[in-house]
Each structure stands twice: as structure tokens, then as C-alpha cells.
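Worksheet: one structure, shown below.
The values are calculated or read from the model by the stated rules, or taken from the named source; none is laboratory data. Not measured: the values here are computed from a predicted model. Neighbour counts run over all protein chains shown; Cβ positions are idealised from the backbone, glycine included. Note: areas computed on protein heavy atoms with side chains; ligands, DNA, RNA excluded. Shrake-Rupley method; radii C 1.70, N 1.55, O 1.52, S 1.80 Å.
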Amino acid sequence: MSEQDLTPDQLEQLREQLASVSAADVVAEAAMSLIALAYVRLGIPPEQHERFRDLDQARLLVDALGGMLTAADGRLGAPEPSLRDALASLRMAFAEMAAHLEAHLEAHPDDAPAPAPGPEPEDSGILRPPSGLWVPGQD
């Protein structure tokens with residue numbers, strides 16, 4: 001349904017509903033979406049999500065969550081400590097998953113995924129900031 005499909009009364013009611021939601025609630029809800037999708041991309045729990053595992057995508061989601069919580073520091077109210085705990089848990093899960101996969105690949109080098117086509121990231125000439133995620137073996 002688009003805005004054009006709404007009557008003026010329905011449109012006004014929608015505006016009223018949107019205006020009644022606090023910005024902190026919107027940020028907390030967005031954080032919850034990032035948390036849920038990050039666990040899926042980490043493949044956790046494996047019996048449900050292993051086929052969706054993509055550590056690059058998980059890293060992006062965790063970094064985005066960390067950035068959002070840093071930007072909103074001290075302004076989210078009651079959900080903030082839980083969101084920060086979830087971020088810490090995600091960072092730990094990411095580190096554990098990366099270490100687990102690295103150990104598996106060392107034991108089974110034939111299972112390594114084929115490199116993606118195109119230039120290697122270090123050959124691309126594009127400078128990227130570090131993600132902020134600590135991964136075992138990386139300094």
C-alpha cells in the first residue's frame with residue numbers, strides 16, 4: 001500500500017502513530033533487527049542457520065550495531081544495557097566462530113571456499129577502516 005492509496009484520514013492517523021513512537025524505541029528496534037540477523041549470518045544455532053553463515057555479512061551487522069550503540073550512547077534508556085550485552089555476546093560469538101572455522105580449514109584445507117572473483121581487497125587500492133571486531137590471530 002502506498003501513501004497514494006490512503007485516504008487523508010488514514011494518512012493523518014499513520015502520521016499520529018509514527019509521531020508517538022520515540023526515537024530511542026526506533027533505534028532499539030533497529031538494533032534488535034541487527035542482532036537477530038547477525039546471529040543468522042553467524043549460523044547460530046547451526047541446526048537452523050548454518051546454511052546462512054557468512055562471516056563477512058555477520059561482521060558488517062555487528063559493526064553497524066556497535067556504531068549505532070556508540071552513536072546513541074546513554075540515550076536509549078532501559079534497553080541500552082541489554083543491547084550492549086547482546087553486542088558483547090555477538091562479538092564473542094563472531095570470534096569463536098572465526099576461530100572454529102579457521103581450525104577446521106587448517107585440518108581440512110580442501111574445504112576452503114573458492115576465492116571470490118575480482119581483485120583481492122589489499123590489491124583494490126581502497127582503504128577501509130578496521131571493523132573493530134577482534135579475531136583470534138589478528139593483531
Equivalent ellipsoid semi-axes for the range 5-100, as square roots of 5 times the alpha carbon gyration tensor eigenvalues: give them largest first, rounded to whole Å. 32, 18, 9
In nm, to one decimal, how far is the Glu47 label point from the Leu18 one, both placed 7 Å along Cα→Cβ? 4.3
Accessible area per residue, 1.4 Å probe, Å², for the range 1-103: what's the number? 64
Counting alpha carbon pairs within less than 8 Å and at least 6 residues apart, what relative contact order, in whole percent, applies to the range 1-87? 28
Roughly what % of Cα-Cα distances in the range 1-48 sit above 13 Å, to the whole percent? 69
The orientation-averaged projected area of the Cα convex hull of the range 57-102, in nm², is 3.1
